[in-house]
Amino acid sequence: MALTRARARESVERGFAKAQALGFKVAIAVVDDAGHLIVCDRMDGALWVTPEIARAKANAAAAFHATTLDLEERFTKRQLFADNVATLGDYQFVFGRGAVPLVEEGRIVGAGGVSGAGPADNGHTSADEAAGHPTLPRSH
């Protein structure tokens, strides 16, 4: 099942509502399972750079089938690896907290990334809300 624009928009709106309740102005990007942008939106007052950061976080979550909270913890001990992957090819990855995979019928179909809710735990909370608090399938 492919991620639809309607589902991506719903995710953005849920994430915006959570960020607003927490008092933050954010951008949220939603990508499909291959990292292709489906939708990106920025709240009034959010920094101009937040859409690019949100997308790079979503790319990382989609590519590695994990939240960026998990990736941040995983790659903290492997900083050289993380730095090399972050500049790999034409994709841009940010491994900081703020992105969660989107799951449909037990399969990861994309990810949503949030930027602008510092400290980063607030970005993760908003991204988890945007994704609908998914249970991630066990990876290979």
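The values are calculated or read from the model by the stated rules, or taken from the named source; none is laboratory data. Owing to the predicted nature of the structure, the values given are computational and were not obtained by experimental measurement. So basically every Cβ, Gly included, is an ideal-geometry build from the backbone, and we count neighbours across all protein chains shown. Note: areas computed on protein heavy atoms with side chains; ligands, DNA, RNA excluded. Shrake-Rupley method; radii C 1.70, N 1.55, O 1.52, S 1.80 Å.
Please report, as a whole percent, how much of the solvent-accessible surface of the chain comes from carbon and sulfur atoms (probe radius 1.4 Å).
Numbers: 3820 of 7330 Å².
Ligands and nucleic acids excluded, carbon and sulfur reach 52 percent.
Looking at the chain, which longest stretch skips every one of the trypsin sites (Lys or Arg not before Pro) that is in a DSSP loop with at most 11 other Cβ atoms within 10 Å, leaving the sites themselves out?
Working: sites that count: LYS77, ARG78, ARG138.
The reported range is 1-76.
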Accessible area expressed per residue, the chain, with surrounding protein chains retained (probe 1.4 Å, Å²): 52 Å²
Mind listing the long-range amide H neighbours of TYR91? Cut-off is under 5 Å, sequence gap 5 or more, other chains count too, H placed in the peptide plane at 1.01 Å from N. none
